[in-house]
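First up is the structure itself, then whatever we jot down about it.
The values are calculated or read from the model by the stated rules, or taken from the named source; none is laboratory data. Computed from a predicted structure; not experimentally measured. Note: ideal-geometry Cβ built from the backbone for every residue, glycine included; neighbour counts use all protein chains shown. Just so you know, the surface numbers come from the protein's heavy atoms only, side chains and all, with ligands and any DNA or RNA stripped out. Shrake-Rupley method; radii C 1.70, N 1.55, O 1.52, S 1.80 Å.
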Amino acid sequence: MNSLDLLAHPIRLRIVHAMGGGRLLTTAQLCARIPEASKATVYRHIDLLVGGGVLEVAEERRVRGAVERHYRLRQDRAVIGSEVVRTLTAEDHRQAFATAMTALLAEFTAYLDRDRADPVADRVGYRQHALWLSPAELEELIGELRAAIAPKLANQPSPERAQYLLSPIHFPLEAPQAEPERPTAEAEQETDT
């Protein structure tokens with residue numbers, strides 16, 4: 001299963017989100033994080049992520065006669081590489097985007113369903129901005145976003161930190177407009193007479 005097939009599923013994407021920041025979580029903890037999915041479904045998706053190398057067993061313990069596994073995310077494997085992205089069709093992009101939005105909506109719903117959810121105090125944001133950017137300006141913006149986000153990806157969980165989901169999305173709303181043709185000097189003379 002390639003990285004797109006493996007990661008482009010709302011439950012598996014939510015498992016990857018939950019595992020971020022070097023967390024070690026059990027299947028039971030992941031089931032609690034995704035209560036709308038059955039335990040069997042979460043177990044199946046964990047098995048797929050382990051088989052695909054995205055999750056690994058970090059430790060095992062005997063608990064009441066059963067083996068409890070703690071999983072760790074392999075961040076280097078939890079990406080859809082540029083070589084895969086270059087091969088995607090428009091329909092592949094459509095399906096991957098729909099999966100990402102489904103997972104985002106599920107995460108946001110789970111947040112709002114918490115007893116103490118407070119979007120104002122938690123600084124929740126979902127603004128959209130339509131920007132006019134040249135290709136060079138877009139590359140610069142993407143670089144600035146990466147420079148701001150990348151160091152924070154290494155943050156470990158701690159009592160003063162909450163896990164936030166940040167989903168930068170960018171795509172052109174319209175094609176670049178062609179420069180209007182300027183009349184030549186001959187054409188200007190013809191229209192003046």
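Quick notes on this structure:
- Mean residue ellipticity at 222 nm, helices only, the chain: -13000 deg cm²/dmol; runs of at least 4 DSSP H residues each add -39,500 (n - 2.57), and the sum is divided by the number of residues.
- Per residue, the convex hull volume that the Cα atoms of segment 20-86 enclose (Å³): 106
- Comparing Cα centroids, segment 115-135 and segment 1-78 end up 28 angstrom apart.
- Among the listed values (1) 1.06; (2) 1.15; (3) 1.42, the one matching Cα Rg over 2.2 N^0.38 Å as calculated from this structure is (3).
- Among the GluC sites (Glu not before Pro) in segment 1-59, those placed in a DSSP loop whose Cβ has at most 12 other Cβ atoms within 10 Å are GLU36.
- Within segment 77-172, the GluC sites (Glu not before Pro) that combine a DSSP coil assignment with at most 14 other C-beta atoms in a 10 angstrom radius are GLU160.
- Sparsely packed chymotrypsin sites (Phe, Trp or Tyr not before Pro) within segment 6-104, loop by DSSP, other Cβ within 10 Å at most 14: none
- Share of carbon and sulfur in the accessible heavy-atom surface of segment 9-70 [1.4 Å probe, %]: 51
- For segment 87-146, the solvent-accessible area works out to 85 Å² per residue, with a probe of 1.4 Å and every protein chain left in place.
- Accessible surface of segment 95-152 [probe 1.4 Å, protein heavy atoms]: carbon and sulfur percent: 57
- For segment 11-86, accessible area per residue (1.4 Å probe, heavy atoms of protein chains only), Å²: 56
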